[in-house]
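The values are calculated or read from the model by the stated rules, or taken from the named source; none is laboratory data. Note that this is a predicted model, so its numbers are computed, not measured. Note that we place each Cβ from the backbone using ideal geometry, even for glycine, and neighbour counts take in every protein chain shown. Side chains are part of the model used for accessible areas, which takes the heavy atoms of the whole protein and leaves out ligands, DNA and RNA. Shrake-Rupley method; radii C 1.70, N 1.55, O 1.52, S 1.80 Å.
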Amino acid sequence: MNTPEDAAPPAVLEAQDVAVHYGGVKAVDGFGLKLEAGRICGILGPNGSGKSTFLAAVTRLVPLTRGRLMLDGEEYHNTPAASLAHRGVARTFQTVRLLPDLTVLENIQLGADLRAGGGGVKQWFRRTAVPEAVEEAIERTGLGAVRSARPGELSYGMARRVEIARALATRPRVLLLDEPTAGMNQAERREVSQLMQKLRDEGLTQLLVEHDVPMMVDTCDRLVAMKSGELVTEGAPAEVVRDPAVQEAYLGKRGRNHA
Ligand SMILES: Nc1ncnc2c1ncn2[C@@H]1O[C@H](COP(=O)(O)OP(=O)(O)O)[C@@H](O)[C@H]1O
Ligand SMILES: [Mg+2]
């Protein structure tokens, strides 16, 4: 009865044998992972290994060629992407996707409206009070001072923070982050890592895609290495980054290019 399996927290989200093929391109080809409750799982892999496509598959933005997706043990691969926010799944994208004519506050508010399932832009134009979830997201991400600014006036690092705040404003149970610190300086990266760890301590289940290996080791409870759409290895972060297959597939290459 008391196997190590039993000791692991339950899987909030699980993907099994996921494949996404674009014609002959096997972007993801039999990859899967479990997101355990209240833990941070990281995906490490070279560019083009299928990380973003996997996130798109899990968030129902691209159709599966094959595979199973489960939330709390229940299959959801027919749930439309728009309904996933109601189920507590939120994500950020690899590139900043903010509405340039809206303020920081309004961009984040759209996130909250998504969860409420309301009329989006129309709904918040009629609203006077700022929802608590929005205030909370602004405070947590340290965006209070720029709440009335437009995205174009922000540094890249700040704009990326707005993306995270918008996802948090949906009050997710599961947060998926695709390279949230790309373009950030070291101090900003550390802040994002600390924010993720704080959210983890409050119980939020997270999936992080990042290239910054030391940050991944510091931030994640578990790492999954991916290459050519497939699993290379998974386990404790320090072990995964020492794995010769990971060193060869990922670290060696980046070591040369990004030393
Ligand atoms: N819409 C698409 N059509 C065709 N090929 C795609 C599409 N999206 C991604 N790919 C290909 O799938 C592979 C994985 O891409 P991606 O998931 O973006 O990798 P990563 O996020 O790990 O850098 C790449 O070879 C990429 O060119
Ligand atoms: Mg990507």
>> If residue 32 meets every condition in (1) near ligand 1 (Cβ under 10 Å from one of its atoms); (2) under 21 Å from residue 245 (Cα atoms); (3) in contact (Cβ under 8 Å) with a residue 12 or more places away in the chain apart from one, which number is that one?
In response: (1)
>> Looking at the structure I just gave you, is residue 237 away from ligand 2 (no atom under 16 Å from the Cβ), farther than 19 Å from residue 108 by Cα and at pLDDT 90 or above?
In response: yes
>> For the range 39-49, which positions are open to solvent by less than 10 Å² (accessible area, probe 1.4 Å) and either within 13 Å of ligand 2 (Cβ to nearest atom) or part of a loop (DSSP other than H, G, I, E, B) (or both)?
In response: 43, 44, 45, 49
> Among the numbered criteria (1) in a strand (DSSP E or B); (2) open to solvent by 30 Å² or more (accessible area, probe 1.4 Å), which single criterion is violated by residue 31?
Replying inline: (2)
> Would you pick out the residues in the range 165-190 that are open to solvent by 10 Å² or more (accessible area, probe 1.4 Å) and in a helix (DSSP H, G or I)?
Replying inline: 166, 168, 186, 187, 188, 189, 190
> Going through the range 54-72 one residue at a time, which ones are closer than 25 Å to residue 196 by Cβ and either more than 9 Å from ligand 1 (Cβ to nearest atom) or in contact (Cβ under 8 Å) with a residue 60 or more places away in the chain (or both)?
Replying inline: 54, 55, 57, 58, 59, 60, 61, 69, 70, 71, 72
> What's the number of the condition residue 56 fails, among (1) within 16 Å of ligand 2 (Cβ to nearest atom); (2) open to solvent by less than 70 Å² (accessible area, probe 1.4 Å); (3) part of a loop (DSSP other than H, G, I, E, B)?
Replying inline: (3)
